[in-house]
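In what follows, a single structure is set out as structure tokens and then discussed.
The values are calculated or read from the model by the stated rules, or taken from the named source; none is laboratory data. Treat the numbers as computed from the prediction; the structure is a model and nothing was measured. Counting neighbours? That spans all protein chains shown, and the Cβs are built from the backbone with ideal geometry, glycine included. For accessibility, only protein heavy atoms count, side chains too; no ligands or nucleic acids. Shrake-Rupley method; radii C 1.70, N 1.55, O 1.52, S 1.80 Å.
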Amino acid sequence: MDFDLSDDQRALKDGIATLLDGVLPLEATRSAEHRADVVDPTAWAALAEAGVFSLLVPESDGGVGFGLAEGTVVFEELGRVLAPGPLVATTALAPVLPAAAEGIAHAVIDAPGRSAAPPLLEHPATCAAVVVLPRIEQVAEEAVLVPVGDLSATPVERSLDPLTPLASLATPLPVGTPLEGIDTAALRQRIMVLAAATQVGIAGEVVAIATEYAKGREQFGRPIGGFQAIKHLLADALARTELARAAVQSAAVILDDPLVAEREADTLSLSTVQLRWRAVAGAKLLADDAAITNARTAIQVHGGMGFTWEVPVHLYLKRSRVLASSFGTRSELADLLAALA
Amino acid sequence: MDLRYTDAEESFRSDLRAWLAEVLPTLPAKPAATDWPGRRAYDQGWQAQLFAAGYAGVDWPVEGGGRGASPIEQLIFKEECERAGAPYVGTGFVGLLHAGPTIIAEGTLAQRERFLPPILNGDEVWCQGFSEPGSGSDLASLRTRAVRDGDHYVVSGSKIWTSHAEVADHCELLVRTGPEDSRHKGISWLIMPMDLPGIEIRPLTTIAGSTEFAELFLDEVRIPVENRVGEENDGWRVTMVTLSFERGTGFVGELLESMRLLRSLTGLAQRTGAWGDAAVRKRIGALTASFDGLWALTKRNVSEAARNGIPGVGGTVFKLAYSEQGQQLTELAMDLLDRAGLAASGLDGADGQGELPNEELVDAWIKSISLTIAAGTSQVQRNIVGERILGLPKEKS
Ligand SMILES: Cc1cc2nc3c(=O)[nH]c(=O)nc-3n(C[C@H](O)[C@H](O)[C@H](O)COP(=O)(O)OP(=O)(O)OC[C@H]3O[C@@H](n4cnc5c(N)ncnc54)[C@H](O)[C@@H]3O)c2cc1C
């Protein structure tokens, strides 16, 4: 057993971080705030070129052939820089949808059901098609593919996250084409793990930003990070990140490696099917919580500066709400986990 | 990120599982929680059985008489023991987890030969005399004084919160050998036999009503110089050596016990009808996520320890996160017990089936209150995380 990143995984992490520094610096991403086309085609093509979308596609099908463990490494970095676009959906769909593997942007939405509000599509101007995924409790049903052109979509004038444009969709949704023969549960689990990894990236980055600020900002003649009230907020935030990261990486390995799933299922007296759901649900719950709570904490640590548009922390908070709102909200995940406790 | 166990680790696990299945049914009945001599005898008996089977000091190095198992095998050992419901280390805690490892690392040959075997085979029990009435979180301010007189130290002062002092044979004692204000630089680490003249033990009653810890009054206790471990005035460093010893597995038993408690609470909620309350289900769901996360974090700490010798960042945040979650868990237990939680002794029919005795849950709730105090308060842990990991400015000291 070795939970550490392998040398290859470390190289992957460094490689993707360097790539993102070059093609998606936060200042550049921010210049597209509130635009419908926030996804820059050049940056997107660079991600496709680097294999971000074909990451989970077997080498025999022309992909990179990595597992979700590597997926979590890459998506944590994407979260760190607030990379815009339907990244989680496109990468998670790629193993079952060749167009996605080629880098054609796809969205995934939860089948309507939970609330009376209309379904919202992220990045409507960027996506070619959307996959409608059965809700967690109906995972035995089929996912369907609907070309974005077939949808009746009304752009939302102003979205909460200025880097995630939205359109509201008229219901009922078009019937679409069933994605036959795919494992819907596995698809949802991939999405959940990659979304959770993105949240871990967010959770970690806001702590780093706030810690730097706390070292530099002085009040009462000393850096505010020397005050326990601030230090302890950040210590708790770091603990949340580390707990979530361990849970997310563990869930990824459990999905990747059937032997590990069997051993862990034995320890917890669960079936491997139950164990997989429990691992991904727990991982996403902790990661959603870490991202949202840490981003709020980071704003608090910045004082009035934290409430300004200029300081980027609010963008992390807003993105964390985007990711937490689908593929299992904290409330739904808690219910699912209780059923598997 | 490879979470598989090797064949050797798997066979270590299956041998242990088979052995536990064989011996556990033969154990005597557990003594009452308040019967400390009885508990000492029970813990010694279990330790002797572990010793005979080659499982004593699984995590001790071979040169100290232990099994020299890797941190991963330690994890398996604790996992299987908890799973099988084996006894905890109990009164053997200080000897096996603190004093023994310190003597292995820093003791002389004579000290190792004298003190290690009786810890491993269960003959001798240790206690820890670090905290003082005036020195808790700020341990380096301790004032119990040791003055050299020929080949003895003459020790006077007092210690407090000394767990299991009444049933201990030896005490790992921190004393001031340097000037009064020498802090970390003037402390020595002594082995104090508990039957020396001048030691008065005054039991303290915990909020659980148990006398598990005591105050020690030391009045010119003469401790041979040969009982000093490490150099004079180097005791602070000697103490720190032990702190990294557990290598990420320190709380595994407690963690797995909490996970088992959570499962039984789910059963309790279902039997009492509390399960129909969505808020209860969501609390159980959230705790499941947290404890699974802590389990994953434990594995990460253990594999970091296997690789680098110390558990790293995760080891420091673990205690903080575990303490908080442990308290939320027992808070849920009390809420589920409802008014049955007001009875600290057994209440017939408390949960409909008598499966989960209310007194055990009440006891777990009370004990969990010390999680954020003992072995470093959560405030101090947060200081450590903030300063050593995040690099924020230090407190004045
Ligand atoms: C069940 C139990 C068993 C124990 N067993 C043993 C034992 O066997 N041997 C032994 O030597 N000791 C033992 N202890 C003692 C334990 O290590 C101390 O209680 C602990 O270190 C705290 O010290 P204190 O009690 O003096 O509290 P204090 O240090 O007085 O702390 C009081 C409060 O002030 C806070 N505080 C203190 N300093 C700071 C700071 N710098 N910043 C912010 N807040 C601060 C603390 O967090 C706490 O909330 C045991 C304690 C318990 C509860």
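Looking only at the range A:210-238, residues that are open to solvent by 10 Å² or more (accessible area, probe 1.4 Å) and either within 16 Å of the ligand (Cβ to nearest atom) or more than 7 Å from chain B (Cβ to nearest Cβ) (or both) come to 17 in all. Taking B:GLY150 as the residue in question, decide whether it is at positive phi and open to solvent by 20 Å² or more (accessible area, probe 1.4 Å). Answer is yes for this residue. One residue is enough: does the range B:360-382 have a residue meeting the conditions more than 8 Å from every other protein chain (Cβ to nearest Cβ), open to solvent by 20 Å² or more (accessible area, probe 1.4 Å) and more than 16 Å from the ligand (Cβ to nearest atom)? Yes, the range B:360-382 contains at least one residue that is more than 8 Å from every other protein chain (Cβ to nearest Cβ), open to solvent by 20 Å² or more (accessible area, probe 1.4 Å) and more than 16 Å from the ligand (Cβ to nearest atom).
In the range B:241-248 there is no residue matching the filter, namely being open to solvent by 20 Å² or more (accessible area, probe 1.4 Å), over 15 Å from B:LEU174 (Cα atoms), more than 15 Å from the ligand (Cβ to nearest atom) and free of Cβ contacts under 8 Å to residues at least 24 places away in the same chain. Scanning the range A:245-266 for residues that are at the interface with another protein chain (Cβ under 7 Å from one of its Cβ atoms) and in contact with a helix residue (DSSP H, G or I) (Cβ under 7 Å, 6 or more places away or on another chain) yields A:ALA246, A:ALA247, A:GLN249, A:SER250, A:VAL253, A:VAL260. For first residues located in the range B:133-159 and in a loop (DSSP other than H, G, I, E, B), partners that are surrounded by fewer than 16 Cβ atoms within 10 Å (Cβ to Cβ) and modelled with pLDDT of 95 or more and lie 6+ apart or on another chain with Cβ distances below 6 Å form the pairs B:ASP151/B:VAL225. Among the basic types (Lys, Arg), open to solvent by 30 Å² or more (accessible area, probe 1.4 Å) and in contact (Cβ under 8 Å) with a residue 24 or more places away in the chain: is that true of A:ARG10 in this structure? No. Determine whether B:ILE119 is open to solvent by less than 20 Å² (accessible area, probe 1.4 Å) and within 14 Å of another protein chain (Cβ to nearest Cβ). When the stated conditions are applied, B:ILE119 does not pass them. Taken residue by residue, the range B:268-280 has at least one member that is at the interface with chain A (Cβ under 10 Å from one of its Cβ atoms), farther than 30 Å from B:ASN383 by Cβ and open to solvent by less than 20 Å² (accessible area, probe 1.4 Å). Looking across the range B:91-107, the residues that are out of contact with any Cys (no Cβ under 8 Å at 6 or more places or on another chain) and aliphatic (A, V, I, L, M) come down to B:LEU96, B:LEU97, B:ALA99, B:ILE103, B:ILE104, B:ALA105.
Find all pairs meeting these conditions: Cβ atoms under 9 angstrom apart; at least six residues apart or on different chains; first residue within the range A:20-34 and closer than 17 Å to A:ALA125 by Cβ; second residue in a helix (DSSP H, G or I). Between residues of the range A:20-34 that are closer than 17 Å to A:ALA125 by Cβ and residues that are in a helix (DSSP H, G or I), the close pairs are A:THR29/A:ALA43; A:THR29/A:LEU315; A:GLU33/A:LEU315. Regarding B:THR162, is this residue surrounded by fewer than 16 Cβ atoms within 10 Å (Cβ to Cβ) and hydroxyl-bearing (Ser, Thr, Tyr)? No: the conditions fail for B:THR162. Would you confirm whether or not the range A:16-27 contains a residue that is touching a Pro at 6+ places or on another chain (Cβ under 8 Å) and open to solvent by 40 Å² or more (accessible area, probe 1.4 Å)? No, every residue in the range A:16-27 fails to be touching a Pro at 6+ places or on another chain (Cβ under 8 Å) and open to solvent by 40 Å² or more (accessible area, probe 1.4 Å).
Just one of the numbered conditions (1) surrounded by fewer than 17 Cβ atoms within 10 Å (Cβ to Cβ); (2) hydrophobic (A, V, I, L, M, F, W, C); (3) in contact (Cβ under 8 Å) with a residue 24 or more places away in the chain is not true of B:CYS127: (1). Against the definition (surrounded by fewer than 20 Cβ atoms within 10 Å (Cβ to Cβ) and within 10 Å of chain A (Cβ to nearest Cβ)), how does B:GLY293 come out, yes or no? It is false that B:GLY293 is surrounded by fewer than 20 Cβ atoms within 10 Å (Cβ to Cβ) and within 10 Å of chain A (Cβ to nearest Cβ). Yes or no: A:THR154 surrounded by 15 or more Cβ atoms within 10 Å (Cβ to Cβ), at pLDDT 95 or above and either over 17 Å from A:VAL38 (Cα atoms) or in contact with a strand residue (DSSP E or B) (Cβ under 9 Å, 6 or more places away or on another chain) (or both)? Judged against the criteria, A:THR154 is not a match. Restricting attention to the range B:43-83, which residues are among the small types (Gly, Ala, Ser), part of a helix (DSSP H, G or I) and modelled with pLDDT under 95? Correct list: B:GLY64 only.
Every condition in (1) farther than 29 Å from A:LEU275 by Cβ; (2) open to solvent by 40 Å² or more (accessible area, probe 1.4 Å) holds for B:GLY386 except the one numbered (2). Determine, yes or no, whether B:ILE104 is more than 11 Å from the ligand (Cβ to nearest atom), outside any loop (DSSP other than H, G, I, E, B) and open to solvent by less than 10 Å² (accessible area, probe 1.4 Å). Here the answer is no, as B:ILE104 does not meet what is asked. Taken over the range A:66-93, the residue count meeting the criterion of being polar (S, T, N, Q) and within 17 Å of A:ASP256 (Cα to Cα) is 2.
If the condition is being of a type in the set (A, V, I, L, M) and outside any helix (DSSP H, G or I), then the range B:160-185 contributes B:ILE160, B:ALA168, B:LEU173, B:LEU174, B:VAL175.
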